[in-house]
Amino acid sequence: MATESSEGEEEGKITGGNKHLVIEDDHREMGMKAAWSVSSCKPGNGVSSLRDDNLDTYWQSDGAQPHVVNIQFQKKVKLQLVVLYLDFKLDESYTPSKISIRAGDGFHNLKEIKTMELVKPTGWVYLSLSGNDPRETFVNTFMLQIAVLSNHLNGRDTHVRQIKVYGPRPNPFPHQPFQFTSREFIAYSSVR
């Protein structure tokens, strides 16, 4: 979904979006375990609109750029994927065109891990947190920050309709070399 551009290793460009949210079975939504905050918002369009599973509501920023969404966890978590619902057809100049994703232990040591350019996105946009090295399949972090650096048509404030954060689904039997999927195999997976 994201193609690397020729400008740099961390710079990507995404066009379009998916109408339906499609997530693989080996991912689980981690957003419910986090404390969410935003840099600013218009009354009635706050952080709760990002997590209400309603595509008609949205977070609208109110202030100077960059506009940020902070996702803080109580313990270190593994994250693989950030999924945003954006709608250029409805929001036009409020739609983000450049997004930066940062991770760290807190506000004091956030490091940029991805910068993505979005071209008129309408639908679910998938932003992988995997690195260039195949062994870097996830980010292990206490905090994730999504910063909207610029909007389409030089818009000032931004609209983001939904954000979901996914991590790997843990193996229910951590010391087992195989990951069984059926109940029958799991029931007889250990010797008594």
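The values are calculated or read from the model by the stated rules, or taken from the named source; none is laboratory data. Quick caveat: nothing in here was measured; it's all calculated off a predicted structure. Backbone-built Cβ (ideal geometry, glycine too); neighbour counts: all protein chains shown. Just so you know, the surface numbers come from the protein's heavy atoms only, side chains and all, with ligands and any DNA or RNA stripped out. Shrake-Rupley method; radii C 1.70, N 1.55, O 1.52, S 1.80 Å.
Quick rundown of the values:
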item	result
Solvent-accessible ranking of 83, 38, largest area first, probe 1.4 Å	38, 83
Nitroxide proxy distance, nm - points 7 Å out along Cα→Cβ at residue 18 and residue 54	2.5
Packing-based order for 85-97, 25-37, using average beta carbon neighbours within 10 Å, highest first	85-97, 25-37
Shape of segment 29-174, Cα gyration tensor, a/c cut at 1.5	prolate
Listed pairs 76/120; 19/75; 33/111; 78/164; 76/164 exceeding 24 Å between Cα atoms	76/120; 19/75
Farthest toward positive dipole pole in segment 14-93 [+1 Lys/Arg, -1 Asp/Glu at C-beta], among 63, 15, 30	30
Accessible area of segment 77-157 divided out per residue, in Å², using a probe of 1.4 angstrom	45
